[in-house]
Amino acid sequence: MNTRRDFMKMSALAGGIIAGQSVTSTALAGLPDLVSQNSPDTQDPVQPDGPTNYNPVVTLNGWTLPWRMKDGVKEFHLVAEPVVRELGPGMEANLWGYNGQSPGPTIEVVEGDKVRIFLTNRLPEHTSMHWHGQRLPNGMDGVAGLNQPAVSPGKTFVYEFEAKRPGTFMYHPHADEMTQMAMGMMGFWVTHPKTKHPWINEVDRDYCILLNAFDIVPGSATPKIMTMLDFNLWAWNSRIFPGIAPLVARKNDRVRVRVGNLTMTNHPIHVHGIEFEVTGTDGGPTRPESRWPEVTTDIAVGQMRQIEFIANEEGDWAMHCHKSHHSMNAMGHNVPTLIGVDHRGITERIQRLVPDYMVMGERGMADMTEMSMPLPDNTLPMMTGEGPYGSVEMGGMFSMLKVRKDIPHGVYTDPGWYQNPVGHQAFEYTGELPEISKQLSSGDGLLEPKTSPQVSQFMAVKPNYRKG
Ligand SMILES: [Cu+2]
C-alpha cells in the first residue's frame, strides 16, 4: 500500500492545504509529511476513510489534520512552531501554534484506533504534548519532567496510544505551560464511537470551538504572557468577532457543538432561539436520564462540554459568552463611568489644545460604534460587526447560529442575513407619544437627571482617630 498516496488523498480532501517540505520530511526515516494550513477560513471536514462511517466534525475557522495509515496505525505529524494568525479582519497576532495555525488542527479518530503522533519542535524552547482527557499509558501523558523529558528545539518525539473512549478532548503542551498556552498552543481532539453508542446521538452537524484568550496591547501583535486574568481578546479558535464564522444548520438538523475551555476563567456559553442539552462532558457522554434543557451552560477552565439541539427555528440567532466583557474586543478597564456627566462646553475648550479629543460614555458606550475614533494599527474596535440593521456592537466570543430551511447536507458556507417574514420583526411605534418620549426622541434633556439626587453628608474618620 502506498502510504504517501493515501496521505496525499487525505490532504486533497481537506482542501486548501499546503504541503511543505514533503521531500525532506519523507526522507527522514518514515516521518509523515508536514501538512500546514495558512488560511483562517473554516475548512471542509475530512470524510472518513476507514471501516467506521461517521459524520466528520467542522472546526470553526479551523481544519482537521489529515493522517496516513501505516501498518494499521493512524499517523499524524504535529509541528510546534511560531505562526501568524489573523484574529479578525485587520488584526494579526504573532502566536505559537501547530502546522501553521493557532489553534492546531483538529485530530479526529475512531474509538479503538491505534494512533501514532509525531511531535516536532520548531520553537525556540522545549515543549511537550499532553492529550487532555485521554485514557493512555502514563508515559504518553506528556507532562515534561514527570512522564518524559521535554522535547528540545529541533527534536521530534513520538506518542503512541489507543483512542480508548469516544468523546471530546483537547491537546496542549505541558512544558512552560503558562507561556505556551498564552501564545496559543492548543488543539481539539474528537474520538467518534466505533459502533452505535446508546448515549451518543448521530448528528447532522458537529462543530468544534476551543475557547482561548490573549492579552495583546492595541497596536502590537505579540501576547503578553504574564497576564493571569485581565485578557483583552476573548477568542473562539483564536478568532474574535466579527472574524468568527457562523454555525450553519438546515432547519430541523440535530446539531452538536463541542466546546473546550483553555482560558483562565469560566465562560457561560449562551445560544439564542433554541434549548439544548449537555450530552457530553470531559468524562464522556452523559446518561440520557441526567440531561435537562438549558439555554446557557457554564464551561469551567480545562473543561469540555458537548451541547446538542434541534435547529428547528429559522433565523440568525446570536451565540456568545454571556460575560459581557468577553463579547467585546480590546478594551481598557480603567475608564471612569461618565453616564450623566455633561461635557458640553468643556469638550470645545479641550479641543483647542488637543484637536482629536473626544468624549464618550456620557450617554453609555454605544457611541463607540458611531464615532470614527482613530485606532492604532493592528487592532479591532471594542464594539463592532455590521449586521443588516446596523452595528451589532459586539466583539470577542460572539457568533451566530444561522438556520435556514434550504441548506443542503454538508454545506457550511455562510447563507447571508436572514430575511424576517412580514409581521415577525420588532418595529417602531409611530402613534402618539407621551411628553417625556418626545423630549428623548428630539435629543433634548438627555443628560438631565429626572429626579433630584439626595445629598448626604459624611465625616471621614481615620482609624485610631481620637478627639483632642
Ligand atoms: Cu467568557
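Between rounded, prolate and oblate, where does the stretch 48-159 land on the alpha carbon gyration tensor, with a ≥ b ≥ c its root eigenvalues, rounded for a/c under 1.5, else prolate if a/b exceeds b/c? Taking the square roots of the gyration eigenvalues as a ≥ b ≥ c, the stretch 48-159 is oblate. Among residues other than residue 185 with Cβ under 11 Å from its Cβ, the summed charge is -3 (Lys and Arg +1, Asp and Glu -1). Between 223, 247, 233, the Cα set farthest toward the positive side of the dipole of the stretch 162-274 (charges on each charged residue's Cβ, about the Cα centre) is that of 247. Fewest-first ordering of 239, 122, 116, 352 by other beta carbons within 10 Å of each residue's beta carbon gives 352, 122, 116, 239.
Scan the stretch 64-166 for GluC sites (Glu not before Pro) in coil per DSSP, keeping those whose Cβ has at most 16 other Cβ atoms within 10 Å, and list them by number. Don't jump to the answer; show the numbers that get you there.
Details: sites: 75, 86, 92, 108, 111, 125, 160, 162; in loops: 111, 125.
Here the sparse-neighbourhood loop sites are 125.
About its Cα centre, the dipole of the stretch 166-325 is roughly 300 debye, where the only charges are +1 on Lys and Arg Cβ and -1 on Asp and Glu Cβ.
How do 328, 319 line up, fewest other C-beta atoms within 10 Å first?
Numbers: 328 26, 319 22.
If I rank by nearby Cβ atoms, fewest first, I get 319, 328.
About the centre of its Cα atoms, the stretch 79-136 shows a dipole size close to 200 debye [charges on the beta carbon of Lys, Arg (+1) and Asp, Glu (-1) only; nearest 20 debye]. Cβ crowding within 10 Å ranks 339, 269, 310 as 339, 310, 269, fewest other Cβ atoms first.
Going through the cross-link list 164/402; 194/251; 114/194, which pairs have a Cα-Cα distance over 24 Å in this structure?
Numbers: 164/402 34 Å; 194/251 28 Å; 114/194 13 Å.
Too far apart for the 24 Å limit: 164/402; 194/251.
Coordinate-derived values only; no laboratory data. Bear in mind that the values here come from a model prediction, so they are computed numbers and not experimental data. Here Cβ is always computed from backbone atoms with ideal geometry, including for glycine, and neighbour counts include all displayed protein chains.
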